[in-house]
Amino acid sequence: MNPDQFPEDIRPHLIPEPAGDMVYRCLECGAEHGIDELLYTCPECRGLLLLEDKNQYLLREYSGAFWRRLFDYRKMLNVPALKGIFLFYELIAPVIPLEDIIYLGEGHTPQVAANDSLREEVGAAFYFKNDGQNPSASFKDRGMAAALSYLNFLVKKPGAGKMLAICASTGDTSAAAALYSAYLGKQIASAVLLPHGKVTPQQLAQPLGSGAKVLEVPGVFDDCMKVVESLADNYQVALLNSKNSWRIRGQESYAYEIAQYFDYELEGKVVAVPIGNAGNITAIMQGFLRLQELGVIGELPRVLGVQSRHADPVFRYYLEPDKTKRVFTPVTVQASVAQAAMIGNPVSMPRVIRLVEEYTRRAGADSVAVIEVTEQEIMDSMLLANRHGHIACTQGGESLAGFRAAIKAGVIAKNAVGVLDATAHHLKFIGFQQMYFDNTFPPEFEVTPKPEYQNKPQLLTPQTEDPEKKTQDLAGQIATLLGLTPK
Ligand SMILES: *Cc1c(COP(=O)(O)O)cnc(C)c1O
Ligand SMILES: [Zn+2]
């Protein structure tokens with residue numbers, strides 16, 4: 001819609017101007033640092049950072065109703081920079097000029113309702129929010145759109161020079177980083193570090209196709225992360241891991257979209273999300289908290305974090321009910337089909353601890369729960385979902401497995417409405433489905449296929465060489481196989 005078609009009170013706000021005063025805030029020592037360089041940890045104490053807008057109080061001069069109206073109207077505006085996560089510009093990074101924003105089609109992913117039979121099987125109503133329908137086929141594009149827009153803004157400042165963006169990844173961060181860097185072109189080159197043999201062929205293909213330098217490291221993700229940190233400590237590189245607080249900001253858009261979907265009425269909603277490095281759950285909690293602070297939503301939804309038993313440090317941490325006795329201990333991960341979340345020492349853990357405290361203070365002790373599921377439950381849930389028309393990946397299967405387990409355990413009421421994060425596209429993790437179908441899971445996965453979910457193609461062999469009769473013969477074979485009734 002053309003800007004002059006919008007209601008008069010909306011028009012001056014439709015296309016926002018940078019009016020924020022953003023700083024990095026250290027979670028450990030509280031120090032404040034300017035955003036004129038990309039910091040990924042506190043230069044003083046190496047603590048984790050979160051971005052803060054010191055002008056956020058100015059947003060509170062407008063009512064929640066105003067923001068709801070503005071965000072809803074903005075959806076009709078055809079300005080590319082505001083088509084993706086920056087629809088919520090004022091809440092994400094209101095310092096980046098619109099012309100520096102990179103939009104590759106991220107965000108506003110479909111929220112697809114479970115049909116009646118799936119809902120019955122699971123025991124409550126729910127949706128999958130298909131973040132696999134982002135440009136690089138995972139939710140990582142949300143954060144990357146924010147981080148690369150910021151880098152694009154930074155790199156234009158005098159004397160910035162060429163930048164090397166680098167990240168360690170369980171696969172999807174690399175795919176996203178490489179894609180967005182490729183779009184930006186010459187000034188930003190990207191290099192990605194992947195654990196050798198621990199990403200799927202599809203995930204490996206993505207950064208290669210985008211022209212990133214792909215470096216494989218023996219070990220698991222946690223090993224790659226250490227190398228990248230050492231690089232960031234000693235060399236001029238822009239670190240794009242989820243320690244990067246711009247990514248967290250971008251990922252908050254997931255929470256904003258859920259709120260918008262439900263017309264900002266979130267009572268009785270449960271948002272289920274797999275936890276790996278814990279950036280996503282951090283962003284989701286922070287996003288909902290921010291909406292509540294501005295009066296955009298009233299009730300906070302419940303948040304359900306899900307981990308595999310093979311990579312469950314966050315679950316273990318919250319097993320201790322007394323918060324003064326909780327001690328975080330990294331775990332050594334075991335083989336997991338939820339490979340993108342197979343992380344034993346999540347870098348965002350301090351953020352999670354901080355935000356869970358704030359969230360539960362506002363919404364009650366049971367407003368955040370972390371649950372664990374087996375590899376078997378993850379695979380079975382993924383296939384169950386896909387058999388009902390969804391495109392959940394293994395991590396999406398993990399969300400569903402967690403949601404089911406929480407209903408069973410009475411953690412979630414049967415009249416709750418779930419929004420389950422299908423964090424990547426099914427096809428990125430298709431190899432696990434194949435292992436399930438072929439019953440070729442190595443024993444450490446502890447997955448035994450259920451015959452009702454197995455499937456395989458059936459090759460037809462024509463019984464004749466005659467080209468004319470061949471078609472009829474094959475049609476006849478199919479008719480017999482499917483039990484077709486002749487006309
Ligand atoms: C990165 C990733 C996760 C884990 O998210 P965190 O923010 O690291 O907790 C889950 N699923 C997919 C598909 C991912 O790419
Ligand atoms: Zn600090």
Exercise for the section: Take Ile35 and decide whether it is within 20 Å of Ala283 (Cα to Cα), more than 15 Å from ligand 2 (Cβ to nearest atom) and in contact with a Phe, Trp or Tyr (Cβ under 7 Å, 6 or more places away or on another chain). Expected result: yes
Practice task
Tell me, please, whether a residue that is of a type in the set (A, V, I, L, M) and at pLDDT below 95 can be found in the range 369-376.
Solution key: no
Exercise for the section: Would you confirm whether any residue within the range 457-469 is under 32 Å from the mean Cα position of the chain (by Cα), exposed (fewer than 10 other Cβ atoms within 10 Å of the Cβ) and assigned to a helix (DSSP H, G or I)? Expected result: no
Handout entry: From the options Gly298, Gly276, residue that is more than 19 Å from Gln395 (Cα to Cα) and in a loop (DSSP other than H, G, I, E, B)
Key = Gly298
Practice task
Would you point out which residue out of Val419, Val352 is touching a Ser or Thr at 6+ places or on another chain (Cβ under 7 Å) and within 14 Å of Val303 (Cα to Cα)?
Solution key: Val352
Fill in the blank from the handout: Counting only residues in the range 19-52 that are touching a Pro at 6+ places or on another chain (Cβ under 7 Å) and within 18 Å of Arg354 (Cα to Cα), the one nearest to ligand 1 (Cβ to nearest atom) is identified as Leu48
Problem - Looking only at the range 49-83, and only at residues there that are of a type in the set (S, T, N, Q) and in a loop (DSSP other than H, G, I, E, B), the one that is nearest to Arg249 (Cα to Cα) - result: Asn55
Problem - Check on Lys156, basic (Lys, Arg) and crowded, with 24+ Cβ neighbours inside 10 Å - result: no
Fill in the blank from the handout: Per the filter on the range 11-50, residues closer than 22 Å to Trp67 by Cβ and modelled with pLDDT of 95 or more are Arg11, Pro12, His13, Leu14, Ile15, Pro16, Glu17, Pro18, Ala19, Gly20, Asp21, Met22
Practice task
Would you check if there is a residue in the range 161-168 being modelled with pLDDT under 95, within 16 Å of ligand 1 (Cβ to nearest atom) and either closer than 25 Å to Ile284 by Cα or outside the structural domain of Gly279 (by TED's automatic domain parsing) (or both)?
Solution key: yes
Exercise for the section: Select from the range 391-408 the residues that are over 15 Å from Phe315 (Cα atoms) and among the aliphatic types (A, V, I, L, M) and write down the one among them that is farthest from ligand 1 (Cβ to nearest atom). Expected result: Ile407
Exercise for the section: Could you grab me the full set of residues in the range 420-434 that are in a helix (DSSP H, G or I), more than 9 Å from ligand 1 (Cβ to nearest atom) and touching a residue at least 60 places away in the same chain (Cβ under 8 Å)? Expected result: His426, Leu427, Ile430, Gly431, Phe432
Completion exercise
Cβ pairs under 6 Å, 6+ apart or interchain, first in the range 345-371 and over 14 Å from Gly279 (Cβ atoms), second assigned to a strand (DSSP E or B) and modelled with pLDDT of 95 or more, ordered by first then second residue, are Val356/Val368; Tyr359/Val368; Thr360/Val368; Ser367/Arg302; Val368/Val303; Ala369/Leu304; Val370/Gly305; Ile371/Val306
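The values are calculated or read from the model by the stated rules, or taken from the named source; none is laboratory data. What you are looking at is a predicted structure, and each value in this text was computed from that prediction instead of being measured. No Cβ is skipped: glycine too gets one built from the backbone with ideal geometry, and neighbour counts run over all protein chains shown.
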